[in-house]
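Here, each number is a calculation from the coordinates, and none is a lab measurement. This is a predicted model, so every value here is computed, not measured. Heads up, the Cβs are rebuilt from the backbone with ideal geometry, glycines too, and the neighbour counts pull from every protein chain shown.
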Amino acid sequence: MMSRILAPAQLENLEELVEFVSHCAREKGFEQKRVSEIEIAAEEAFVNIINYAYRHMGSAGDIEVQCGFEDSERFIIEITDSGIPFNVLNVAEPDISSDVSHRKIGGLGIFFMKKLMDEVCYKYIEGKNVLTLVVNKA
Amino acid sequence: MSLTTKIENKRPGYSLVTLSGRLDGQTFAECEAQIAPLLVPSTKIIMFDMTGLNYISSMGLRIVLKVRKFVEGNNGSFHMINLQPQIEKVFEIANLLGDMKLFVSVEEADQYFDAMQMKVLNNEI
């Protein structure tokens, strides 16, 4: 059984969206440490959509989130927006080997998402970006 | 869910920033604005007390990185104390802990800076 939330892609809704995901993960039995990591990954996805997905349009569209166990082993967070097509899997990894003085300030969000989740999938279907974060059952 | 940013001038050129709560995509802007006045040439040491910080995302990490780049670029030093495990993990993923001196308490840091200052005064550095 999947839980679902729909909210305009605006910064003021970030807290509600993240809280929805963490509540769902907690309810499904993930320990607090893993819940925090799930929150970070989800937040990175939401912030990207809020900042970029609808920038080419006059008004912001929505973010739809569905969470739950896909089967007995995989907890999924499916995040859908109808903004500009954007495949996070094509984004180059930031250079984290250079010393701090040469580091770029941004670009870590998608990297965190990939590192913290067991799997990240992307599809573009019927004019929508569908990003799926997968967390294996502990 | 919110963030409290407390800034304390410990001694000339040395500021302690105490963060409590969540440093995320929603709270980072106000935090950044509060910290901005510290990014001046006279600032030589900035210490972040992370004891009460229980969540950080990439937007939060940007602030820490920005402050660190400024201070180190200004020939100063940047430090953090008491990172909770989930916070430390985020810094580790970003490979930002390796060469940083971490203290367990403000007291330990104070002793270290006192010793540093003595060395500077005695022309040992």
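Of A:Asn51, A:Asn90, A:Asn13, which has the largest mean-square fluctuation in a 10 Å C-alpha GNM of chain A? Per the Cα network of chain A with a 10 Å cutoff, A:Asn90 tops the list.
With each label modelled as a point 7 angstrom along the Cα→C-beta vector, the A:Glu19-A:Ser82 pair spans 2.7 nm. Here the Karplus relation 6.51 cos²θ - 1.76 cosθ + 1.60, evaluated at θ = phi - 60°, turns the backbone of the stretch B:80-85 into coupling constants of 9, 10, 6, 7, 5, x Hz, with x for every Gly and Pro. Between A:Ile79, A:Ile49, A:Ile105, the Gaussian network model of chain A with springs among Cα atoms under 10 angstrom shows the greatest mean-square fluctuation at A:Ile105. Using alpha carbons only, the radius of gyration of the stretch A:3-136 set against its Kirkwood radius gives Rg/Rh = 0.97. By the beta carbon rule, with partners counted only under 4.7 Å, chain A holds these lone Cys residues: A:Cys121. Comparing B:Phe28, B:Phe113, B:Phe91 in a Gaussian network model of chain B, where Cα atoms under 10 Å apart are tied by springs, the biggest mean-square fluctuation is seen for B:Phe113. DSSP beta bridges fully contained in the protein assembly as shown are about 70 percent antiparallel. Using a simple spin-label model with pseudo-atoms 7 Å out from Cα toward Cβ, B:Leu38 and A:Leu11 lie 2.1 nm apart.
Measuring how big the stretch A:72-121 is from its alpha-carbon positions, Rg and Dmax come out at 14.0, 46 Å. Measuring r between the beta carbons of B:Val104 and B:Thr4 and using R0 = 25 Å, the FRET efficiency lands at 0.70. When its C-alpha radius of gyration is set against 2.2 N^0.38 Å (N residues), chain B gives a value of 1.03. With a Cα cut-off of under 21 Å and a minimum spacing of 8 residues unless on different chains, the lysine pairs in chain A number 11.
Between the beta carbons of A:Ile125 and A:Ala92, assuming R0 = 25 Å, the FRET efficiency works out to 0.55 to the nearest 0.05. When +1 charges are put on Lys and Arg Cβ atoms and -1 charges on Asp and Glu Cβ atoms, the dipole computed for chain A relative to its Cα centre reaches about 240 debye.
Which FRET efficiency value, to the nearest 0.05, do you get for A:Arg26 and B:Arg11 by plugging their Cβ-Cβ distance into 1/(1 + (r/R0)^6) with R0 = 51 Å? Given R0 = 51 Å and the Cβ-Cβ separation, E is 0.70. Scanning chain A for long hydrophobic helices, with DSSP H runs required to stretch 18 angstrom or more by C-alpha along their axis and to average at least 0.0 on the Kyte-Doolittle scale, returns A:14-27. Size descriptors for the protein assembly as shown (Cα atoms only): Rg and Dmax, in that order, 20.2, 71 Å. Taking the charge dipole of the stretch A:13-104 about its Cα centre, with +1 at Lys and Arg Cβ atoms and -1 at Asp and Glu Cβ atoms, the residue from A:Tyr52, A:Gly29, A:Pro94 reaching farthest to the positive side is A:Pro94.
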